Amino acid sequence: MHPGLLHPADDTIRARRLPADGFYVRHGRLYDADHHEFVIRGVGQNHAVYPDRTPQMFRDVKAMGANAVRVELSAGVVARRNDAADVARVIGLCRQNRLICVLVVNDTTGWGYRPEAIPQAKAVDYWISIRQALIGQEKYAIIDVANEPYVLDNFATWPADTKESIARLRRAGLRHTLMVDAPDWGQDVSFTMRDDAAGVFAADPQHNTVFSIHVYGAFSRATTIHDYLDRFLRAGLPIAVTEFAYTHQDGEVDEDAVMSEARIHDIGYLAWSWSGNSGDVSNLDMVREFDAAALTWWGRRVFDGPDGIRQTSRPATVYT
C-alpha cells in the first residue's frame, strides 16, 4: 500500500471528508482529495499588484517544476479589490496549469504597525464576501486567512482571534484547508503560535488548519530552524514555510537549512518571490522583470539548487 494513501477502513476520515472532497489534514500531514500526501513546493506572487503578470507567471513556474503558488490578493485597501470573478479566474488559471492555489489576503500585513493595514477579522469578511468563487474549489485552493496579521506589539490576541476567524469561516460554509500565519510579522519570535497551535487546531471543527511560518532574519541559524519545525513535527501538527528568502531587512537567513529540513521531513515551502519586489527587497526577485529566462541567483537556488523545486516537487494527484 502506498504510504500516502488512507486505509480503506478509516471511516472517520472518510465520513468527515465526503462533503468537502478537498484537501485535509491527518496526523499533522496535508493530503489532497485523492488521499495522497501533498508537499507544497512553490513560490509567492503579488497578484493584487501585478494581475496582468499572473497568467504567464503560472505557466512559467509550472514549467520549472512548482506544484503550488501563493497568490496575494487585496480586499481593496492596499490595492484594487480582487472580486469574486477575479478570484475565480485565478483558481481557473491554477487548474489550467495543474497548480494548487494558496490564496492569501495581503492587506493585513503589519496590522498594528502599518496605518493602512486591516485586522485579520476584516480578511475573514473578505473571504466570506467572495465565497461563491471558493466553494466547490476545495480540491484546488487552500485559504491562507491573512498575511502577517500581527506584529511584535499585539501578538497576545493571536490565539483567540485566530480561533474566531476559523470559526467564522467554517460557519460561512468554507470547508477548505485553512492556513494561519504566525504573529510577529509571520516569524513567531514570541513563540505564540508554537505554544498555542494545539488549541487553535482543536478549535477548528474540521481539524483542517495548517500553521504558516515565515522564515527571515529570526531564523539565521540552522539550529533555530530545526528546533522550531521539530516542535510541530513532534506534536503531530501541520506546519508549512509559506515565505522565506536567503536574506531580508532584518538579517541573513539559512536558506539551505530551510530547504534541507523541508526535504528531510516533507514540509511544504513557498519561497518569496517570483518578481516585482521593489526598493531594498528587490534582490528577492527570482527572475528579472517577470522574465523566466532571466533567473537571478535566488531563482536558481530555489528552482535548481539542492533540495530545490525541480528536485523535490511532486504534482497534486488530483491532476495526475
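What the table shows:
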item: Among the residues listed as Val200, Val215, the single one being of a type in the set (A, V, I, L, M, F, W, C) and in contact with a Phe, Trp or Tyr (Cβ under 6 Å, 6 or more places away or on another chain); result: Val215
item: Enumeration of residues in the range 37-63 that are assigned to a loop (DSSP other than H, G, I, E, B) and surrounded by 18 or more Cβ atoms within 10 Å (Cβ to Cβ); result: Phe38, Val39, Ile40, Asn46, His47, Ala48
item: Failed criterion for Val71 (all others in (1) farther than 18 Å from Leu178 by Cβ; (2) of a type outside the set (Lys, Arg); (3) without any contact (Cβ under 8 Å) to a residue 40 or more places away in the chain hold); result: (1)
item: Subset of the range 201-228 that is among the hydroxyl-bearing types (Ser, Thr, Tyr), in contact with a helix residue (DSSP H, G or I) (Cβ under 9 Å, 6 or more places away or on another chain) and outside any helix (DSSP H, G or I) - its residue that is farthest from His248 (Cα to Cα); result: Thr209
item: Every residue from the range 132-151 that is surrounded by fewer than 18 Cβ atoms within 10 Å (Cβ to Cβ) and not in a loop (DSSP other than H, G, I, E, B); result: Gln132
item: Unique match (being at pLDDT 95 or above and buried (at least 20 other Cβ atoms within 10 Å of the Cβ)) among Gln187, Gln206; result: Gln187
item: Verdict on Gly276 being surrounded by fewer than 24 Cβ atoms within 10 Å (Cβ to Cβ), small (Gly, Ala, Ser) and touching a Gly at 6+ places or on another chain (Cβ under 6 Å); result: no
item: In the range 229-244, the residues that are in a helix (DSSP H, G or I) and either touching a Leu at 6+ places or on another chain (Cβ under 7 Å) or free of Cβ contacts under 8 Å to residues at least 60 places away in the same chain (or both); result: Leu229, Asp230, Arg231, Arg234
item: Subset of the range 68-108 [within 18 Å of Val49 (Cβ to Cβ) and in a helix (DSSP H, G or I)]; result: Asp86, Val87, Arg89, Val90, Leu93
item: Number of positions in the range 64-88 that are surrounded by fewer than 18 Cβ atoms within 10 Å (Cβ to Cβ) and among the small types (Gly, Ala, Ser); result: 4
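Okay, residues lined up against (1) buried (at least 22 other Cβ atoms within 10 Å of the Cβ); (2) within 24 Å of Val145 (Cα to Cα); (3) in contact with a strand residue (DSSP E or B) (Cβ under 8 Å, 6 or more places away or on another chain); (4) of a type in the set (A, V, I, L, M):
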| site | (1), (2), (3), (4) |
| --- | --- |
| Leu229 | yes, yes, yes, yes |
| Leu233 | no, yes, yes, yes |
| Phe244 | yes, yes, yes, no |
| Asp256 | no, no, no, no |
| Ala271 | yes, yes, yes, yes |
| Ser282 | no, no, no, no |
| Arg314 | no, no, yes, no |
| Tyr319 | no, no, no, no |
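The values are calculated or read from the model by the stated rules, or taken from the named source; none is laboratory data. Computed from a predicted model, the values in this text were never measured in an experiment. FYI the Cβ positions are ideal-geometry reconstructions off the backbone, even for glycines, and counts take in every protein chain you see.
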